[in-house]
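The values are calculated or read from the model by the stated rules, or taken from the named source; none is laboratory data. Because the structure is a prediction, the values reported are computed rather than measured. Please note: Cβ atoms are built from the backbone with ideal geometry, for glycine as well, and neighbour counts cover all protein chains shown.
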Amino acid sequence: MMSQFRGLLMKDWTIIKGYVLLVLLLDIIIPLGSAMLFPFESFLGLLVYSGTVMLLHTLVPIVLLSILFTKEMDHPDIFFHSSASIHKINASKFGIVFLATALSLLWTSLLTFVSMLFAPDLIEMENLLPFGAAFVAVILFFSVLVAIVYYFYLTLFYTMKPKIGSFAYIVTFGLFIFGLEMWDRVMATKLYIAATDFWVIRLDKSEFLTNIAHGLMLSFENRATLQVGQLLVTALLLVFLYLLTAYWFEKKVRA
């Protein structure tokens, strides 16, 4: 069984390895390019550019999953009749995608950190590493969230496409917008607030981190706490959504 899973991993890696290399090359261009655009004595621009690139990594799993699933759907005789379970197939795809995303994030972080060592006016360097680690962790968490939600709508799309053709793109997008609106309403309910309003950790602030947050167009005043309860509830909802979608995909798309 492990050999089957390794085979799935190797197949998925073979498909996306060229795209992963392209992402890694772009990770080099952004920090070096931003360092050339901004004065050498001002490295805040480097952090802003690198932080923006790191935020964009929440979309990397969507791109890579789209490539993988498109390739699989082009050869349904292999994908649909594989003896591997849907969870094993998904574990291979999601695992290789998140590994590529994490490697790209770490690569970007390393390049940024090395560049920051040459900043003559950088103070509070001791705050940069923990802030960067927390930033990467949050991005990885949101990349998982985005990937699972995308998997849900991808399954919805493939369910509708045989019946309504290309119109499925429009319907899926409309349902996505509707889903965002409904989720905003759920988050505003007293029940959701009561379920997530526990284990709140207050974060320390500093002038250096506040400047970075403003540079990234974030409000540090609204992000001065870490709501662990909300993260746990969100994680449970994601697990439920994944299990529901995998069952749906198995019965309606892969059947």
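Summary table
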quantity	calculated
Test: residue in region 61-74 that is farther than 30 Å from residue 249 by Cβ, at pLDDT 75 or above, within 17 Å of the chain's Cα centre (by Cα) and not acidic (Asp, Glu)	no
Some residue of region 130-140 being under 12 Å from residue 50 (Cβ atoms), of a type outside the set (A, V, I, L, M) and modelled with pLDDT under 90	yes
All positions within region 1-14 that are aliphatic (A, V, I, L, M) and under 14 Å from residue 95 (Cα atoms)	8, 9, 10
Residue within region 171-187 that is in contact with a Lys or Arg (Cβ under 7 Å, 6 or more places away or on another chain), among the hydroxyl-bearing types (Ser, Thr, Tyr) and at pLDDT 70 or above present	no
Cross-chain or 6+ apart pairs with Cβ under 6 Å, region 45-74 first and under 14 Å from residue 101 (Cα atoms), then buried (at least 17 other Cβ atoms within 10 Å of the Cβ) and small (Gly, Ala, Ser)	58/143; 61/143; 61/147
Count of residues meeting criterion [touching a Leu at 6+ places or on another chain (Cβ under 8 Å) and of a type outside the set (Ser, Thr, Tyr)] in region 129-169	14
Single unsatisfied condition, residue 232 versus (1) over 21 Å from the mean Cα position of the chain (by Cα); (2) in a helix (DSSP H, G or I); (3) at pLDDT below 90; (4) not polar (S, T, N, Q)	(1)
Selected residue (only one of 99, 106 is at pLDDT 90 or above and assigned to a helix (DSSP H, G or I))	99
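So that you can scan it fast, the table gives a plain yes or no per residue for (1) in a helix (DSSP H, G or I); (2) surrounded by fewer than 11 Cβ atoms within 10 Å (Cβ to Cβ); (3) touching a helix residue (DSSP H, G or I) at 6+ places or on another chain (Cβ under 6 Å):
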position: 143; (1), (2), (3): yes, no, yes
position: 150; (1), (2), (3): yes, no, yes
position: 154; (1), (2), (3): yes, no, no
position: 158; (1), (2), (3): yes, no, yes
position: 162; (1), (2), (3): yes, yes, no
position: 170; (1), (2), (3): yes, yes, no
position: 179; (1), (2), (3): yes, no, no
position: 191; (1), (2), (3): yes, yes, no
position: 194; (1), (2), (3): yes, yes, no
